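A.B. asks: Structure in structure tokens, see below.
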Amino acid sequence: LTVLVAIMHFGWYSDYVGKDNDDVMRLVVVRDLLGGQGWFDLMQYRLGLEGGTPMHWSRLVDAPIAGLILFFSTFLSETRAEAAALFVWPLLTTIPIFYAAAAGARRVSGGVHGESAAVIALVATFLFVLSVGRFRPGAIDHHNVQMAIIAVVAACMVQPFARSGAHALAGLAAALAIAIGVETTPQIAIACAIVAALWLWFGERARRATIAFGLSLALALTVFFYLTIPPARYGVVVCDALSIGFYSLGVIGAGGLSLVAAVLSGRSIGVRFAGLAGVAAVTGLAALWVAPECLSNPLSALDPLLVKMWLSSVTEAQPVWKQIRLEPWTAGRYYVVPPIAILCAILAIRQGRMSREHTILLAMIVTAFAITLFQVRGAVFSNLLSIFVLAPVVAALRARSNADPKNTRKGLAFAGMALASVPFVWALGGALASTGYDTFTGKPDKAADANGSRRACLERQAMAPLAREPMGVVANASNLGATILRYTGHRTLSAPYHRNQGGMLAELHIGMSPPDLAKRYMDDAGVTLLAFCADDPQIGSIEREAPDGLYAELAKGNVPAWLEPVPETLGQPLVIYRYRP
């Protein structure tokens, strides 16, 4: 994997930082940490309106990346140390995924074709890692870490009850997932529910495993809370990151589960159910008391203008009906493999083959796939978890085919299932179909040109004239924000982060308002510079929504007298304007 990734990376090298805004912003945050910003200080002072924007990311991801940069900086220049660290980190996050997939598939196979299932799981994971951009060099946001954590949780939970250490590791991983980001909260919640349901059903057999999971989760969550939350914010509830809300509910729920498992495991199923009901009631009341606001969608408080002009166009937040309408060729990549795994798990349960293990994975895959139907970001988790179920199926079909090599039907069944179980195959097929369709309809050249021009706006050389301007405040489309922070010392109004509502709204009002009104918004926000990339998708959306707005006028070449173009940027993808009130 390392050799292949290196060949791909340096064969098509353009930048050592990933193309996602989150990768660039993570580097900015890590640089600030290395530059002396406090461990508990998560404020991004150069983002948004005056005073900055508090980020909702965890130092638990910043720390190892910063450590790698410090290590490589002992014998490399600053830039090369960053490049080396950003090459190594995504590859390191694949190690627990490979290990978990092999161990999980071996266990789910039930000892029959176990080694074959493990090897097939490794191959499937290899293709998964290659096809998911979150493991390529420069991908340093927290999504690769979250995938590794969910894989570890699943692999540990399917282990026998006697392996209490594995269940303790699952609890630790669950706590780490909560501490890093709330995106995986549904998967962690269902994992906790599974542990509780298994204890309810198996009683004494599951006692040690349940106690290990609950105590580990509660203790680890306590450590992460006090390690990452400053004392002044111990009592502050936020719903998009670890705070007293998630911490108190996690400790009450996990601690209560451990307590009833320790006391009631030998009692009847009715008594155990009553104990679980009591824990659930206390946890629910705590949620209503401590953090009632977190029982709704954290993004529900977004301004309607932001929802319309930003959130609705974020690819990873699209529901299935919109994703298929906009990009029909991606349907196979996101929505085909998990249903196959769900059907295989149901069939295994009905046949009595490793029923407990398949039930655990079925619940986790169904949860991840349900999220995928509403937000496509869940697809990576449902596809990853499907490997645990499908690798043993492919291994069994392979053994059948090898035992009867002259039977064409068995050979085709093995080959068909092997191919159908790999999202990469569906993604490749969709890409080929899309390319063929675009070539037939004459679309690709225009799309490729626009994408190339948009990428050019984010290059170092495009940002160089902006970096040479006196320090000030930049109005820009949100997609440019993180890159401006990376390459310049300016403060940027807008970058695509929901906690920066004020800055994003100010930038939208500037771009959508007629020039005279836009000027007033620029005065209010203290803007000194405007960065304009005509091919940025947000600019196109604003032009369509506000055809008489400032951005639309700039796209037509109508520049107000109070905007002075930086001469060297004229005719370039990214044009810089000085604001002259």
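The values are calculated or read from the model by the stated rules, or taken from the named source; none is laboratory data. All of these numbers come straight from a predicted model, not from anything done at the bench. Neighbour counts run over all protein chains shown; Cβ positions are idealised from the backbone, glycine included. For the accessible areas, the whole protein counts, side chains as well, though only heavy atoms, and no ligand, DNA or RNA atoms are used. Shrake-Rupley method; radii C 1.70, N 1.55, O 1.52, S 1.80 Å.
A.B. asks: State which residue pairs qualify: first residue at positive phi and part of a loop (DSSP other than H, G, I, E, B) and inside segment 93-122, second residue basic (K, R) and surrounded by fewer than 24 Cβ atoms within 10 Å (Cβ to Cβ) in any location, beta carbons under 9 Å apart, and separation of 6 or more residues or different chains.
C.D. replies: As it stands, the answer is G110/R353; H113/R398, since those pairs meet every condition given.
A.B. asks: Another question, then. Does G266 satisfy the criteria of being in contact with a helix residue (DSSP H, G or I) (Cβ under 6 Å, 6 or more places away or on another chain), more than 18 Å from A218 (Cα to Cα) and in contact (Cβ under 8 Å) with a residue 40 or more places away in the chain? Working first, answer last.
C.D. replies: Numbers: in contact with a helix residue (DSSP H, G or I) (Cβ under 6 Å, 6 or more places away or on another chain): yes; more than 18 Å from A218 (Cα to Cα): yes; in contact (Cβ under 8 Å) with a residue 40 or more places away in the chain: yes.
Criteria met by G266.
A.B. asks: Does segment 203-223 include one or more residues that are touching a residue at least 60 places away in the same chain (Cβ under 8 Å) and open to solvent by less than 20 Å² (accessible area, probe 1.4 Å)?
C.D. replies: Initially, segment 203-223 is screened for residues touching a residue at least 60 places away in the same chain (Cβ under 8 Å), giving 203-204.
In the following step, the residues that additionally are open to solvent by less than 20 Å² (accessible area, probe 1.4 Å) were identified as 203.
Yes, that holds for at least one residue.
A.B. asks: How many of the residues making up segment 12-25 are touching a helix residue (DSSP H, G or I) at 6+ places or on another chain (Cβ under 7 Å) and either assigned to a helix (DSSP H, G or I) or without any contact (Cβ under 8 Å) to a residue 12 or more places away in the chain (or both)?
C.D. replies: Going through segment 12-25 one residue at a time, the tally reaches 3.
A.B. asks: Now for a separate question. Are there helices (runs of 4 or more DSSP H) fully within segment 309-372 with at least 2 residues that are surrounded by 18 or more Cβ atoms within 10 Å (Cβ to Cβ) and in contact with a helix residue (DSSP H, G or I) (Cβ under 7 Å, 6 or more places away or on another chain)? List them.
C.D. replies: Details: elements: 320-326, 331-335, 337-351.
Where helices (runs of 4 or more DSSP H) fall fully within segment 309-372 and carry at least 2 residues being surrounded by 18 or more Cβ atoms within 10 Å (Cβ to Cβ) and in contact with a helix residue (DSSP H, G or I) (Cβ under 7 Å, 6 or more places away or on another chain), they are 331-335, 337-351.
A.B. asks: Is it fair to say F40 is touching a helix residue (DSSP H, G or I) at 6+ places or on another chain (Cβ under 9 Å), within 25 Å of F224 (Cβ to Cβ) and either open to solvent by 20 Å² or more (accessible area, probe 1.4 Å) or in contact (Cβ under 8 Å) with a residue 60 or more places away in the chain (or both)?
C.D. replies: Numbers: touching a helix residue (DSSP H, G or I) at 6+ places or on another chain (Cβ under 9 Å): yes; within 25 Å of F224 (Cβ to Cβ): yes; either open to solvent by 20 Å² or more (accessible area, probe 1.4 Å) or in contact (Cβ under 8 Å) with a residue 60 or more places away in the chain (or both): yes.
The answer is yes for F40.
A.B. asks: Got a number for residues in segment 471-518 being closer than 22 Å to E553 by Cα and in a helix (DSSP H, G or I)?
C.D. replies: Of the residues in segment 471-518, 18 are closer than 22 Å to E553 by Cα and in a helix (DSSP H, G or I).
A.B. asks: Within segment 97-120, track down each residue that is of a type in the set (V, I, T), under 18 Å from A345 (Cβ atoms) and open to solvent by 70 Å² or more (accessible area, probe 1.4 Å). Quick ask: steps written out before the conclusion?
C.D. replies: Filtering segment 97-120 for residues of a type in the set (V, I, T) gives 97, 108, 112, 119-120.
From the residues that got through so far, the ones that are under 18 Å from A345 (Cβ atoms) too are 108, 112, 120.
Listed by number, the list holds a single entry, V112.
A.B. asks: Okay, moving on. Which one of these is under 25 Å from A427 (Cβ atoms), among the β-branched types (V, I, T) and touching a Pro at 6+ places or on another chain (Cβ under 8 Å): V108, V123? Step through it out loud before you land on a result.
C.D. replies: Values: V123 fails: touching a Pro at 6+ places or on another chain (Cβ under 8 Å).
Checking each option against the conditions leaves just V108.
A.B. asks: Moving to a separate point now. In this structure, does L242 turn out to be surrounded by 14 or more Cβ atoms within 10 Å (Cβ to Cβ), among the aliphatic types (A, V, I, L, M) and part of a loop (DSSP other than H, G, I, E, B)? Lay out the reasoning, then the answer.
C.D. replies: Details: surrounded by 14 or more Cβ atoms within 10 Å (Cβ to Cβ): yes; among the aliphatic types (A, V, I, L, M): yes; part of a loop (DSSP other than H, G, I, E, B): yes.
Spelling it out, L242 is indeed surrounded by 14 or more Cβ atoms within 10 Å (Cβ to Cβ), among the aliphatic types (A, V, I, L, M) and part of a loop (DSSP other than H, G, I, E, B).
A.B. asks: Answer yes or no as to whether L176 is over 16 Å from G250 (Cβ atoms), modelled with pLDDT of 95 or more, part of a helix (DSSP H, G or I) and of a type outside the set (G, A, S).
C.D. replies: On the way: over 16 Å from G250 (Cβ atoms): no; modelled with pLDDT of 95 or more: yes; part of a helix (DSSP H, G or I): yes; of a type outside the set (G, A, S): yes.
No; evaluated as a whole, the condition is false for this residue.
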